[in-house]
């Protein structure tokens, strides 16, 4: 409950009850403090070096808060939560996402650096906003595939079953200071199938290597994202995620690592993008942008 910088008695008791519950298995405050400090975090943004890391688009839904390396809790943004601390402590905030777009799989995004405060000073019975709530990618990541549709030569290859293509467009595009174009797919009753793969065949990462696919999308038709794995002379098709209808631009983080680790004998893989016109529809439009496949080499 939030009442500006003050709380009514019921609100304080209620939020303290939640806080006490969240401490189970996390950290124990030692001392006689009964009145917490409160942290207010509305959002965490991402800063990127565009030529090497692409757009700064993100969908950070949660903050994972740590006090002196112990988990305080996971809080949906915007968040206002209590911390039983006073004076200077180490505070760490990690940007949380919904893995594969599923609300029940909330995790700290492994490729975003935590926001660290070595000596954050807590004040009892006050609402504090930590400064500089921005993160960036860890250094040394491998951005193996990036497609932002800003260049005419696309790194996407339609398959033989596709009867339409993806085109660059400014109409309805994902617009930022670094983005003027997006990819658009038009499905009709005459051309109802889109099927494409990433242009290059990528070498298989070592088992356990974190591998993520990020993308922005807007669609009025279900759309599939998966993998094509080349293994012992065969091509194995692995559907992974279905993008649901979204009338506004959305973002998803897709975890490729576990499925790639199951195919240790494979020689390479491609990302698969597919969509078929839904029944009883005459047409559909699918927008994609800011596609990134990222490795963290072990």
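Would you confirm whether any residue within region 70-82 is crowded, with 20+ Cβ neighbours inside 10 Å and outside any strand (DSSP E or B)?
no
Looking only at strands (runs of 3 or more DSSP E) that lie completely in region 93-209, which have at least 1 residues being touching a residue at least 60 places away in the same chain (Cβ under 8 Å)?
Those strands (runs of 3 or more DSSP E) span 115-122, 142-147, 156-158, 166-169, 182-188, 193-198.
For residue 297, state whether it is surrounded by 17 or more Cβ atoms within 10 Å (Cβ to Cβ) and touching a residue at least 60 places away in the same chain (Cβ under 8 Å).
no
Scanning for something within 20 Å of residue 54 (Cα to Cα), surrounded by 19 or more Cβ atoms within 10 Å (Cβ to Cβ) and at pLDDT 95 or above, does region 186-195 turn up at least one residue?
For region 186-195, residues within 20 Å of residue 54 (Cα to Cα), surrounded by 19 or more Cβ atoms within 10 Å (Cβ to Cβ) and at pLDDT 95 or above: absent.
Pull up region 250-294, narrow it to residues that are in contact with a strand residue (DSSP E or B) (Cβ under 7 Å, 6 or more places away or on another chain) and free of Cβ contacts under 8 Å to residues at least 40 places away in the same chain, then point me to the one that is surrounded by the fewest Cβ atoms within 10 Å (Cβ to Cβ).
Across region 250-294, the extreme among qualifying residues is 265.
To keep it simple, each residue is scored yes or no on (1) at pLDDT below 95; (2) surrounded by fewer than 17 Cβ atoms within 10 Å (Cβ to Cβ).
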| position | (1), (2) |
| --- | --- |
| 204 | yes, no |
| 207 | yes, yes |
| 213 | no, no |
| 219 | no, no |
| 227 | no, no |
| 233 | yes, yes |
| 238 | no, yes |
| 244 | no, yes |
| 248 | no, yes |
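When region 151-170 is examined, which residues are found to be within 19 Å of residue 251 (Cα to Cα) and exposed (fewer than 14 other Cβ atoms within 10 Å of the Cβ)?
Within region 151-170, just 170 meets the criteria.
The values are calculated or read from the model by the stated rules, or taken from the named source; none is laboratory data. Computed from a prediction, not measured in an experiment: that's the story for all the values here. Glycine gets a Cβ as well: all are built from the backbone with ideal geometry, and neighbour counts include every protein chain shown.
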